[in-house]
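A short worksheet on the structure shown next.
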Amino acid sequence: MFPLRQVIATVRYTTPAFRSMSASTGPLIDLAVDNDGIATLTMQRPPVNSLNLELLDALGKALDDVSKNKSRGVVLTSSSPTVFSAGLDIMEMYKPDIKRVETFWTTLQEVWLKLFGSNYPTAAAINGHAPAGGCLLSMSCEYRAMVTGKYNIGLNETALGIVAPKWFMDTMCNTISKREAEYALTTARMFNTDEALKVGLIDVLATDKSDAVDKCKKFIKKFDKISPIARALTKQKIRAEPLTWLIKNRKQDTDEFLTFVQNPKVQQSLELYIQALKQKSAK
Amino acid sequence: MFPLRQVIATVRYTTPAFRSMSASTGPLIDLAVDNDGIATLTMQRPPVNSLNLELLDALGKALDDVSKNKSRGVVLTSSSPTVFSAGLDIMEMYKPDIKRVETFWTTLQEVWLKLFGSNYPTAAAINGHAPAGGCLLSMSCEYRAMVTGKYNIGLNETALGIVAPKWFMDTMCNTISKREAEYALTTARMFNTDEALKVGLIDVLATDKSDAVDKCKKFIKKFDKISPIARALTKQKIRAEPLTWLIKNRKQDTDEFLTFVQNPKVQQSLELYIQALKQKSAK
Amino acid sequence: MFPLRQVIATVRYTTPAFRSMSASTGPLIDLAVDNDGIATLTMQRPPVNSLNLELLDALGKALDDVSKNKSRGVVLTSSSPTVFSAGLDIMEMYKPDIKRVETFWTTLQEVWLKLFGSNYPTAAAINGHAPAGGCLLSMSCEYRAMVTGKYNIGLNETALGIVAPKWFMDTMCNTISKREAEYALTTARMFNTDEALKVGLIDVLATDKSDAVDKCKKFIKKFDKISPIARALTKQKIRAEPLTWLIKNRKQDTDEFLTFVQNPKVQQSLELYIQALKQKSAK
């Protein structure tokens with residue numbers, strides 16, 4: 001299912017995630033509110049913000065804090081100099097404890113429901129690579145500023161032998177055209193920043209992280225003259241279809257994921273994959 | 001809910017509507033059929049074609065006339081030199097008579113069902129500003145020519161503390177991309193003519209009203225060689241989803257609107273809003 | 001229903017189809033697999049690959065062969081130097097044997113379900129005109145390379161007094177924007193290659209048939225590093241809505257078509273149409 005060449009091709013995103021399993025120290029999310037009342041959430045699970053249960057849980061809690069404290073909006077960014085988020089942590093899926101992996105998945109669903117359906121404005125300051133789950137997080141926001149350069153963004157699940165869930169696809173179709181989404185999803189397309197801008201996967205280029213955060217804040221300040229309640233209801237109404245789908249189908253979506261990770265062939269593939277990563281690391 | 005600064009920002013569209021409450025004389029819609037059998041419907045409720053019950057009712061009746069007399073198509077335009085339509089008349093919502101405001105809303109629904117789902121070709125010659133309900137009317141047509149210049153168009157309901165109903169949103173998503181629609185609806189974006197052309201909110205620029213009407217007629221003449229029945233069924237089939245939604249949910253949609261206008265906070269906001277308009281008028 | 005002028009306007013696509021009724025010799029589909037395991041299906045029903053029952057049946061069987069033999073993908077093209085496919089064969093609809101015309105329609109449905117929902121990658125090398133059903137076949141693939149030049153492509157059913165079925169429309173909306181699809185479907189728009197490229201109806205221009213086939217194969221080779229199962233499930237998930245619709249509504253869709261072809265007015269129109277073709281042929 002995973003030919004080695006494709007494993008090698010994706011190593012650059014996932015190697016650090018594998019290495020980092022025991023390196024977690026300090027808070028996984030930094031929440032800072034500026035004088036204008038805009039919250040910046042910085043993912044800081046070195047080295048590449050692989051989304052494991054703990055990081056997702058911390059992200060969900062931070063979004064709750066923002067909601068309770070009525071921040072004017074949220075900018076989501078990363079403490080890594082080169083990676084926004086490497087996506088879901090493969091190690092959550094390898095030889096999983098079923099109870100934990102189920103919580104992992106339902107926590108991912110909750111984070112998405114909170115972020116994609118939030119009352120407050122959201123923007124992603126994408127200061128590095130954003131494959132798979134990293135791309136999903138940024139697309140769940142309402143605006144995306146990405147640092148120009150060698151970084152890539154996309155839902156490249158098929159390159160890892162994974163089928164993106166329907167709500168990942170819906171999130172992409174909320175951002176770019178159906179045609180572009182189909183092409184990108186089937187070919188595991190990673191867009192460079194120019195390509196991403198052209199199809200609308202990102203909204204604006206930034207020179208560096210600071211510029212990206214500033215542009216996100218400028219977007220959020222667009223809502224100064226807008227009734228917050230009308231804004232929130234409008235956003236939730238236009239995003240209602242994907243939100244309603246997941247709310248209605250959470251159990252089925254979780255079951256599909258659990259079936260997937262318990263498939264012996266998937267576990268074999270992950271085994272091969274992780275061995276390849278170890279060999280690469282050893283060099 | 002309506003900070004004063006946003007009230008001031010939107011005064012340019014709504015002041016005249018407020019003033020015009022007692023100024024209505026003559027037919028509210030002029031219906032003229034040219035030698036080619038194309039009907040031009042001109043909204044003429046000075047000064048800015050605010051959509052009150054009487055104007056909507058006259059528009060609905062004019063659409064029925066067109067339908068009965070089998071015109072080749074309809075061009076919708078305005079007698080105002082600067083405004084296509086300022087949108088729904090705020091005065092219909094302020095201290096409303098419940099019976100009248102319910103009729104107001106159901107009449108708006110009927111006009112939309114007739115226009116968006118019409119058998120005959122429809123085009124809007126947008127010869128001035130087209131905010132909110134004005135934008136909705138133009139998007140319900142099949143083609144839009146807009147006079148170049150300082151005019152703006154968009155669904156800016158959130159700037160007035162209003163949530164556009166689902167069928168307003170669906171009408172916008174029938175015209176521009178989901179992404180552009182979400183951004184425009186949440187930020188209350190008013191597009192200038194170049195921006196509107198770029199995202200596809202309008203189809204072509206015109207030098208003046210006469211040129212806009214001509215371009216609309218040229219569009220309608222494209223159907224000379226097309227079977228009218230096949231054309232009508234094709235249009236209604238591709239527009240079926242939003243049409244069916246409103247037909248199935250008219251009662252619920254009306255109830256939502258009635259709840260909204262009877263909310264004391266909404267009435268307070270309208271009060272403040274109208275006072276601000278009066279102060280502005282008095283200067 | 002069919003004014004003569006529109007009949008004449010469409011003669012260039014359909015005349016040869018009419019003439020060819022008794023000219024069929026040899027296999028209607030050529031299936032050739034190259035050294036890379038990519039299958040090329042060449043429609044060869046001279047002169048213009050009008051889609052009659054036999055051609056559709058042969059195409060369906062060829063798609064089954066590809067599926068069984070696990071080809072890496074399919075390139076669909078034409079043996080005609082100027083026409084990809086002229087669309088559905090009018091003669092299947094004229095004075096039809098009800099049993100045969102029903103099989104004709106259900107076979108068309110099956111071919112679409114196989115092609116639009118295939119496991120394997122699909123691409124169309126469009127080496128000539130592709131009106132109506134010809135356009136449908138190409139849009140059902142995942143990629144389109146079209147030979148630059150005087151060729152046109154589009155769903156021009158309304159020009160023939162026909163309403164494209166919902167799944168034709170859905171297939172177009174999977175490829176281009178809703179707005180472009182509505183405009184194209186109602187106006188019977190035939191896009192030249194530059195226009196088709198601009199709206200995304202095709203993906204790339206080709207200098208000739210050989211170049212078109214090469215570009216299609218290059219697209220299919222993009223999947224070399226992608227898990228075939230993940231790819232297939234991803235494609236089928238993003239295309240699920242139109243596929244599910246037809247599967248659930250096949251009977252109703254067939255009944256609508258049978259009612260249409262048995263309508264005396266439709267038969268009168270076809271009669272006039274075919275007479276016009278004969279007169280044109282006689283000149």
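Laid out as a table, the results:
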| read-out | value |
| --- | --- |
| Cα centroid separation, segment B:112-170 to segment C:103-179 (Å) | 32 |
| All aspartates and glutamates inside 13 Å of A:Lys280 as judged from Cα atoms, apart from same-chain residues fewer than 8 positions distant | none |
| Shortest-first distances to equivalent copies, position C:Asp65, nm, label 7 Å out along Cβ | 6.5, 6.5 |
| Antiparallel bridges, percent of DSSP beta bridges restricted to segment B:4-278 (to nearest 5) | 25 |
| Of all DSSP beta bridges in the protein assembly as shown, antiparallel share, percent nearest 5 | 25 |
| Closest Cβ on chain A to the rotation axis that carries it onto B (distance rounded to whole Å) | A:Ser177, 4 |
| Acute angle (nearest 10 degrees) that the helix C:53-68 long axis makes with the longest principal axis of chain C, alpha-carbon atoms | 10 |
| Relative contact order (percent, whole number), segment B:4-278, Cα cutoff 8 Å, 6+ residue spacing | 19 |
| The protein assembly as shown: proportion of alpha-carbon pairs further apart than 51 angstrom, % | 21 |
| Kirkwood-Stokes translational diffusion coefficient of segment B:4-278, alpha-carbon pairs, 25 °C, 0.890 mPa s, µm²/s | 131 |
| Helix C:98-116 vs. chain C, principal-axis angle (Cα, 0 to 90°, nearest 10) | 30 |
| Nm distances between copies for A:Asp30, ranked from closest, using label points 7 Å along Cα→Cβ | 6.6, 6.6 |
| Estimated 222 nm signal from helices in chain A, with DSSP H stretches of n ≥ 4 weighted -39500 (n - 2.57), rounded to 500 | -17000 deg cm²/dmol |
| Charge sum, other residues only, whose C-beta stays under 12 Å from A:Glu142's C-beta, Lys/Arg counted +1 and Asp/Glu -1 | +4 |
| Unsatisfied cross-links (Cα-Cα over 30 Å) in the set B:Lys225/C:Lys178; C:Lys215/C:Lys248; A:Lys68/A:Lys222; B:Lys218/C:Lys198; A:Lys251/C:Lys235; A:Lys95/A:Lys217 | C:Lys215/C:Lys248; A:Lys95/A:Lys217 |
| On Cα atoms only, tilt of B:228-238 relative to the major axis of chain B in degrees | 40 |
| Ellipsoid semi-axes in whole angstrom, largest first, where each is sqrt(5λ) of the Cα gyration tensor of segment B:137-220 | 23, 14, 11 |
| Position A:Asp224, label points 7 Å along Cα→Cβ, spacing to each other copy in nm (shortest first, one decimal) | 5.4, 5.5 |
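Bear in mind these aren't lab numbers, they're just calculated from the coordinates by the rules spelled out. This one's a predicted model, so the numbers in the text were calculated from it and none came from an experiment. Note that each Cβ is placed from the backbone with ideal geometry, even for glycine, and that neighbours are counted across all protein chains shown.
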